[in-house]
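The structure appears below as structure tokens.
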Amino acid sequence: LLAVLGGLPLRAEGVQRQLRRRGDVHVLLLGDPGLGKSELLRALARLSPRGVYISGNSSSTAGLTASVVRDPSGEFALEAGALILADNGLCCIDEFDKMGSDQHALLEAMEQQTVSIAKAGIVCTLPARTTVVTAANPSKGTWDMSLTLAENLKGVMSEALLSRFDVIFLMRNEEDQNHDSALSRHVVNRRMPGSAAPGFAGIVPAAIEDWSNTREFEAGSTR
């Protein structure tokens, strides 16, 4: 909600009115795998009128900022990247921990909200007034509560980039044997109709209440 609504940019008074402080709220989602961070980012990208969703493991610096291409006439031209396409919108970056050194392309865009290009004789500054929402996993795969934030993110991102985020959400998967057993039985029953055999019933304690819906209800046969 903070990322979608954002805020108002502030300008200094007097002769320093050209100095602008961004009003967009950058959000970082941290946590264990399998908690729906990717689906949340996809939903945010669809919700924003100018939302862009990208995956960090298949993105490059040129894909984030801008690339130089040849037009049909043979002249060089700029092709906008994700940050520029999401101007006045949302840029959702998934798998942020797998981007490597390409993360540094976000430093200028997240603070000054511009992208400076100097390639093939083209020198320009493009607007990138976008809100960045990213999702990343800890360096060890799962969050270690005995370690600090910087230690859990060691090798994932630099401290300079971490300071650009205004809000950091931690999403943890609490271990619950009863919940995990019911979830496993629900998935197996959905995929294997004949799985409710005595051999499988021995794996999951019978005392655990199955909170999942019946197969008939999920198929829409009951109202």
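The values are calculated or read from the model by the stated rules, or taken from the named source; none is laboratory data. The structure displayed is predicted, hence computed values, not measured ones. Quick reminder, even Gly has a Cβ in these numbers, built from the backbone with ideal geometry, and neighbours come from all protein chains shown. With ligands, DNA and RNA removed, areas are computed over all heavy atoms of the protein, side chains included. Shrake-Rupley method; radii C 1.70, N 1.55, O 1.52, S 1.80 Å.
Worth a mention:
- Test: Ala150 is under 17 Å from Leu28 (Cβ atoms) and among the small types (Gly, Ala, Ser): yes
- Any chance Ala109 is at pLDDT below 75 and of a type outside the set (Phe, Trp, Tyr): no
- Neighbours by Cβ (under 7 Å, 6+ apart or cross-chain): first from segment 51-79, open to solvent by less than 60 Å² (accessible area, probe 1.4 Å); second of a type in the set (Phe, Trp, Tyr): Gly56/Phe96; Val68/Phe76
- Selection count where residues are of a type in the set (Phe, Trp, Tyr) and modelled with pLDDT of 85 or more, scope segment 49-77: 1
- Considering each residue of segment 131-144 in turn, none proves to be in contact (Cβ under 8 Å) with a residue 12 or more places away in the chain, among the hydrophobic types (A, V, I, L, M, F, W, C) and surrounded by fewer than 14 Cβ atoms within 10 Å (Cβ to Cβ).
- Some residue of segment 152-161 being under 30 Å from Ser67 (Cβ atoms), at pLDDT below 80 and part of a loop (DSSP other than H, G, I, E, B): yes
- Pairs with Cβ under 7 Å, 6+ apart, first in segment 98-118 and closer than 17 Å to Val27 by Cα and open to solvent by less than 20 Å² (accessible area, probe 1.4 Å), second of a type in the set (Phe, Trp, Tyr) and at pLDDT 85 or above: none
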